[in-house]
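I have placed the structure first, in the form of structure tokens, so that the comments after it can refer back to it.
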Amino acid sequence: MKKLFALLVCAGLFMPLALFAQDEEDNSYQMVELTYMNAKMGKSDAFEKAVKAHNEKYHKEGPHQSWLDVIVTGPHTGTYVWGMGPCMMSDLDNRPGKGAHDDDWKKNVEPHIEGYGMTEYWEFNDKLSFSTEDFEPGTSEVYAIWWLDINRGEYYRFKRLMADVQEAYAKANERTMHVYNNMFINGGGRDVALVWPRKNWTAMDEDWNLSKVFDEVHGEGSWDLMIEEWEECVKEVKREVWNSVK
């Protein structure tokens, strides 16, 4: 795993208990709701058009703002992900629902849906994330995502090593990296998500030496020590790339 991890770093891919405790000291936080669904065969274009029209009517702005992505790598290729947020749990109490909203979804969107998958809620971890000064939310076309299965009892160590990684990102100021915690762990190996928004596919070819920056920030040899601790904390990594549906 160490060799593969290092190769992915060089390629630029390492650049959004039953419940993780919130890292914030107050009650404010940001989360996103993700719902997975598959379009009927031959109905992808109609499905995308219907979802975008629905979002424009009922999810255009605020905490209920929504978007559509499609998974383009791995076993779930072709699955769509409808997202809403950033919001809080309290925003779910007044989300668009019964009446015109639900009728529009049932009439115009659902006829193109083969079936629904899971719904997840992911809390943004602002203390472990980093955004470059020129990062603009909602403008990325490609998202490299790592789904992490954290070994039981090792989240405190993982959080500590990711704080060190975040410092290296801040020092380099070249890549945006967002960290999310699964708010309702279900045993599916999706405890934490690391997300790297990229402007386009060309940006995926851009290279940088994070290990060098990491050693500059934390001392020579610290990168290798971090990788060793990563392997002790992380049971499994599943990687996907998502495309934004424009």
Per residue and in Å³, how big is the convex hull formed by the alpha-carbon atoms of segment 104-246?
140
Could you tell me what percent of the accessible area of the chain is made up of carbon and sulfur, with a 1.4 Å probe and every protein chain present?
50
Taking a probe of 1.4 Å, how large is the accessible area per residue of segment 107-238, in Å²?
50
Anchor Lys52: lysines whose Cα lies under 25 Å away (excluding residues fewer than 8 positions away in-chain):
Lys40, Lys43, Lys60, Lys98, Lys106, Lys107, Lys199, Lys246
Apply the Karplus curve 6.51 cos²θ - 1.76 cosθ + 1.60, θ = phi - 60°, to the phi angles in segment 179-192 and return the couplings in whole Hz, x for Gly and Pro.
10, 10, 9, 5, 6, 9, 5, 10, x, x, x, 10, 8, 9
Taking every eigenvalue of the Cα gyration tensor of the chain, multiplying by 5 and rooting it, what semi-axes result, largest first, whole Å?
33, 20, 17
For segment 57-100 the trypsin sites (Lys or Arg not before Pro) that pass both the DSSP coil test and the at-most-11 other-Cβ-within-10 Å test are Lys60, Lys98
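The values are calculated or read from the model by the stated rules, or taken from the named source; none is laboratory data. If you're wondering where the values come from, they're calculated on a predicted model, not measured in any experiment. Positions of Cβ are generated from backbone atoms using ideal geometry, with glycine treated the same way; all protein chains shown enter the neighbour counts. Quick note on the areas: whole protein, heavy atoms, side chains included, nothing else; ligands and nucleic acids left out. Shrake-Rupley method; radii C 1.70, N 1.55, O 1.52, S 1.80 Å.
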